[in-house]
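Inspection log for the structure reproduced underneath, given as structure tokens.
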Ligand SMILES: [Zn+2]
């Protein structure tokens, strides 16, 4: 089923590990064809096929807009640059050093994915410094007359940006709006380590609400026009997950029991979905243990910061 898309935006399904509706790359058409989050190198053949269906090749891409540098969003950037050296890459200033030298990013990802790294993400090629335009939020990007506004958007990662496209009214929010399947009125948090920040995230969602986009464009997966529902449902659910993890940590339960409790909460929330829908959501989110670890790390960091800087 074709997913709906705003004007001048084409959704390309990267078919991660051969599965549909897990990772999306967005093609912005026009005089400077641009990709938002090209996906990992492991899915480049699907991306190329998606571009070819619209008469384009990687060599035609003039700009790559990265919402953040996690490998499922940005892993293919260096490989694409090798084929399309004239493309400009837009990235948050905090993420920029790690696309120029991906070694720390790779170490961090290897801790999560171990020997699955190659299968999941493919080869990670460094991005040449001269190809980068480094953003901090507040910039306007001109794609041959099509204006994209970049916003600093911490929460899922501290180097996350949101791009608002004036032509379509689409807000490309990467992972700041959780995961969702086309056709479902159900949003699930995805909160992997290392830099989940619930307080910053809530601020980002309030900012997104004030931007009043016509569409929310999720990497996992698709375009949604019920913007008010999505933002309010997601804010509430994310806060609820955060509270559950905080209370679990305070209770002194074992890690295993706390992870099982988060799995039970997620299952309860998804009880109205079909088994196939639940399985597809699971593919988008990955193991809930990773979401628990991301939230637990956030609460530990906060506790450490409060201990180091006591209020009078
Ligand atoms: Zn992601």
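Can you list the helices (runs of 4 or more DSSP H) lying wholly within the stretch 214-286 that have 1 or more residues being modelled with pLDDT of 95 or more, under 26 Å from residue 203 (Cβ atoms) and outside the structural domain of residue 16 (by TED's automatic domain parsing)?
Working: elements: 227-251, 255-269, 275-285.
The qualifying helices (runs of 4 or more DSSP H) are 227-251, 255-269.
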**OP:** Go through the stretch 111-130 and give me each residue that's farther than 21 Å from residue 44 by Cβ, surrounded by 12 or more Cβ atoms within 10 Å (Cβ to Cβ) and within 20 Å of the chain's Cα centre (by Cα).
**Re:** 112
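How about the stretch 125-148: which of its residues are outside any loop (DSSP other than H, G, I, E, B) and either closer than 18 Å to residue 102 by Cα or touching a strand residue (DSSP E or B) at 6+ places or on another chain (Cβ under 6 Å) (or both)? Can you show your working first?
Of the residues in the stretch 125-148, the ones outside any loop (DSSP other than H, G, I, E, B) are 129-135, 140-143, 146-148.
If the condition is that a residue be outside any loop (DSSP other than H, G, I, E, B) and either closer than 18 Å to residue 102 by Cα or touching a strand residue (DSSP E or B) at 6+ places or on another chain (Cβ under 6 Å) (or both), then 129, 130, 131, 132, 133, 134, 135, 140, 141, 143, 147, 148 are the ones that fit.
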Original post:
So which of 73, 98, 92 is at pLDDT 95 or above, surrounded by fewer than 22 Cβ atoms within 10 Å (Cβ to Cβ) and within 16 Å of the ligand (Cβ to nearest atom)?
Top reply: 98
**OP:** Quick one: in the stretch 175-222, of everything that is in contact with a strand residue (DSSP E or B) (Cβ under 8 Å, 6 or more places away or on another chain) and more than 16 Å from the ligand (Cβ to nearest atom), which residue is nearest to residue 280 (Cα to Cα)?
**Re:** 182
**OP:** Any residue in the stretch 166-177 that's closer than 15 Å to residue 202 by Cβ and modelled with pLDDT of 95 or more: show its pairings with residues that are part of a loop (DSSP other than H, G, I, E, B) and away from the ligand (no atom under 16 Å from the Cβ) at Cβ separation under 9 Å, as long as the two are six or more apart or on different chains.
**Re:** 173/213
Subject >> Residues of the stretch 131-165 that turn out to be touching a helix residue (DSSP H, G or I) at 6+ places or on another chain (Cβ under 9 Å) and either without any contact (Cβ under 8 Å) to a residue 40 or more places away in the chain or exposed (fewer than 14 other Cβ atoms within 10 Å of the Cβ) (or both), as a count >> reply: 1
**OP:** Looking at (1) in contact (Cβ under 8 Å) with a residue 40 or more places away in the chain; (2) more than 16 Å from residue 122 (Cα to Cα); (3) surrounded by 19 or more Cβ atoms within 10 Å (Cβ to Cβ), find the lone condition where residue 61 falls short.
**Re:** (1)
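If I ask for residues that are within 19 Å of the chain's Cα centre (by Cα) and more than 16 Å from the ligand (Cβ to nearest atom), which ones from the stretch 237-261 would you list?
In the first step, residues of the stretch 237-261 are kept if they are within 19 Å of the chain's Cα centre (by Cα); the result is 237-239, 241-242.
237, 239, 241, 242, listed by residue number.
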**OP:** Pick out the one residue from 82, 109, 157 that is part of a helix (DSSP H, G or I) and either within 16 Å of residue 37 (Cα to Cα) or within 15 Å of the ligand (Cβ to nearest atom) (or both).
**Re:** 109
Subject >> Selection within the stretch 95-108 - within 18 Å of residue 79 (Cα to Cα) and touching a residue at least 24 places away in the same chain (Cβ under 8 Å) >> reply: 95, 96, 98, 99, 100, 101, 102, 105
Original post:
Within the stretch 33-58, which residues are in contact (Cβ under 8 Å) with a residue 60 or more places away in the chain, away from the ligand (no atom under 16 Å from the Cβ) and either in a helix (DSSP H, G or I) or farther than 18 Å from residue 217 by Cβ (or both)?
Top reply: 44
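The values are calculated or read from the model by the stated rules, or taken from the named source; none is laboratory data. Bear in mind the structure is a predicted one, so any value in this text is a computation, not a measurement. For neighbour counting, all protein chains shown are included, and Cβ atoms are generated from backbone atoms with ideal geometry for every residue, glycine included.
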